[in-house]
Amino acid sequence: MWRELLHRSAWLAAGSAVGRLLPLLALMSSGHRFDAQGYATVSASYSWAGVAMSLSSAGLATVMVQRIGAIDDRRVQRALVSYYGVRALAASLTLAALVAAFGAPALVSIFGPTIDRSVAVPAAIAGAMWSQVAIAVAALNGCHRARAASGVLAACGLLQGGAMTVAMIASDRPLVTAWAIAAGSAAAATIALLRLRRLLGGGLLGARSEAPPPPAVSIWASPVLWHTLASAAVLPVGFFASAFVARGPDGTHQLALYFALEQIYQVVVYLPAVMGQTLLPMVARRLHARADAERRLMRRLTRLALLAAAIGLVLAALLGSDAGALVHLLHNPVVQPADAWALRWMVAAASLAFSLSMLGGAMLGRGQIMRAGQLNLMWAVLFVGTTLALGSHGTAGLQCARACAAVVLIGATSWLLRKPAARGSST
């Protein structure tokens with residue numbers, strides 16, 4: 001299992017290195033192109049793509065991967081991809097329409113004048129399109145096609161990152177770059193869906209009627225509902241929590257600092273996230289084939305996760321001991337020497353990513369999607385509550401809140417995974 005995990009993770013990591021990191025690197029370079037307000041505007045537009053994906057597609061994508069990961073029948077896999085893909089498309093388009101209609105006044109009410117309100121429409125388009133990329137990559141991963149998923153990620157990153165780079169070279173207006181993010185995301189979604197159709201066969205839309213019905217559960221026990229809530233408790237909560245620092249003293253700088261550190265955080269945690277995505281269908285298939293292996297597998301995974309957390313925190317402490325060198329290394333005018341503690345706490349939170357990703361992949365692959373949602377909601381409450389309590393510390397307080405909430409989440413998830421799961425439930 002471990003050799004297969006590393007093999008798949010290596011393929012997805014290679015695609016991710018181009019696919020997700022290239023746009024992030026292009027975005028990080030915009031700190032030298034725009035002032036603090038322009039940088040915050042472009043960053044908000046890009047960040048919304050991830051937020052929209054979490055709200056409209058992440059729950060459906062995860063449940064889809066968990067179901068098709070344990071199935072070898074290509075016809076049934078194609079039907080399940082169609083079944084969940086159509087629902088994700090409807091959800092993302094509905095969300096995009098709401099953002100396009102009401103996003104501009106919402107930006108003003110949340111962030112004040114820090115962000116250009118006209119960015120709402122391109123952000124809505126980028127969010128809807130990136131949701132479809134996420135569904136396509138998740139479907140390929142669930143079908144155990146890591147190499148194909150890697151290629152799609154790389155192609156999408158070239159399109160999105162390339163569009164951003166060209167826009168920044170051609171114009172010094174942040175809104176032009178925001179529209180480039182939308183255009184690159186639309187091209188990426190087209191490539192991703194065409195590739196998925198080619199690999200799984202034609203007639204994806206017509207195949208959904210052949211999908212086996214999901215387990216009959218009440219709406220309050222729905223895996224899709226709970227994982228959507230779980231996803232909404234992670235990236236979107238951080239996005240909206242940044243409004244607290246934007247409203248505080250020196251709000252424009254603090255918001256720009258939040259986005260600058262968030263981009264670095266996403267670069268650091270992306271490889272761990274890939275491992276979690278890879279682990280999910282593998283655990284689902286292994287437990288489907290051998291239910292008696294569950295207890296030993298969960299204990300082994302939790303031990304590895306706790307070891308990864310301990311090593312990560314030690315490395316974070318070593319890196320944070322010379323925060324001035326880190327600030328110099330970043331070479332981003334938004335991050336100043338006075339922001340050293342915000343940088344230290346961000347590194348501490350990022351150091352826990354491998355542990356969180358491994359535990360999350362194990363719990364979702366085990367089928368405990370409702371429990372994962374409840375744990376992430378607990379994390380969100382801790383994160384927001386601690387951020388409010390540390391509000392006077394700005395972005396440093398927000399990053400500290402995230403790191404502390406992550407430690408609690410790791411402990412709670414490890415304890416629950418070591419307990420036997422209820423049989424006959426995928427919630």
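Among the residues of the stretch 340-361, is there at least one that is of a type outside the set (Lys, Arg) and surrounded by fewer than 22 Cβ atoms within 10 Å (Cβ to Cβ)? Let's see the steps before the verdict.
We begin by selecting, within the stretch 340-361, every residue of a type outside the set (Lys, Arg); these are 340-343, 345-361.
Next, only the ones that are surrounded by fewer than 22 Cβ atoms within 10 Å (Cβ to Cβ) stay: 340-341.
Checking the stretch 340-361: at least one residue is of a type outside the set (Lys, Arg) and surrounded by fewer than 22 Cβ atoms within 10 Å (Cβ to Cβ).
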field: Any pair with Cβ under 7 angstrom, 6 or more apart, that starts in the stretch 31-59 at a residue that is polar (S, T, N, Q) and ends at one that is in a loop (DSSP other than H, G, I, E, B) and crowded, with 24+ Cβ neighbours inside 10 Å
entry: Thr41/Ile115
statement: The lone condition Arg418 fails out of (1) under 24 Å from Phe244 (Cα atoms); (2) in contact with a Lys or Arg (Cβ under 8 Å, 6 or more places away or on another chain) is (1)
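Pick out the one residue from Ala79, Ala91 that is over 22 Å from Trp179 (Cβ atoms) and touching a Lys or Arg at 6+ places or on another chain (Cβ under 8 Å). Before you say what the answer is, go through the steps one by one.
On the way: Ala91 fails: touching a Lys or Arg at 6+ places or on another chain (Cβ under 8 Å).
Just one listed residue meets the conditions, Ala79.
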query: When the stretch 62-95 is examined, which residues are found to be of a type in the set (Gly, Ala, Ser), at pLDDT 75 or above and open to solvent by less than 20 Å² (accessible area, probe 1.4 Å)?
result: Ala79, Ser82, Gly85, Ala88, Ser92
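Would you call Gly367 over 15 Å from Ala323 (Cβ atoms), touching a residue at least 12 places away in the same chain (Cβ under 8 Å), touching a helix residue (DSSP H, G or I) at 6+ places or on another chain (Cβ under 8 Å) and not in a helix (DSSP H, G or I)?
yes
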query: Arg173 versus (1) at pLDDT 85 or above; (2) within 16 Å of Ala126 (Cα to Cα); (3) not acidic (Asp, Glu): which is the lone unmet condition?
result: (2)
- line: Per the filter on the stretch 96-128, residues within 21 Å of the chain's Cα centre (by Cα) and either charged (D, E, K, R) or open to solvent by 50 Å² or more (accessible area, probe 1.4 Å) (or both) are Ile125
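In the list Ser392, Ser414, which residue meets the criterion of being out of contact with any Leu (no Cβ under 7 Å at 6 or more places or on another chain) and either in a helix (DSSP H, G or I) or at negative phi (or both)? Walk me through it before giving the result.
Working: Ser414 fails: out of contact with any Leu (no Cβ under 7 Å at 6 or more places or on another chain).
Step by step, each of Ser392, Ser414 is checked, and only Ser392 is out of contact with any Leu (no Cβ under 7 Å at 6 or more places or on another chain) and either in a helix (DSSP H, G or I) or at negative phi (or both).
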field: Every pair of residues 6+ apart whose Cβ atoms lie under 8 Å, when the first sits in the stretch 295-308 and is closer than 15 Å to Ala412 by Cα and modelled with pLDDT of 85 or more while the second is open to solvent by 90 Å² or more (accessible area, probe 1.4 Å) and not small (Gly, Ala, Ser)
entry: none
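The values are calculated or read from the model by the stated rules, or taken from the named source; none is laboratory data. Please read these numbers as outputs of a predicted model, since none were measured by experiment. A quick note on method: Cβ atoms are made from the backbone with ideal geometry, for glycine too, and the neighbour counts reach across all protein chains shown. For the accessible areas, the whole protein counts, side chains as well, though only heavy atoms, and no ligand, DNA or RNA atoms are used. Shrake-Rupley method; radii C 1.70, N 1.55, O 1.52, S 1.80 Å.
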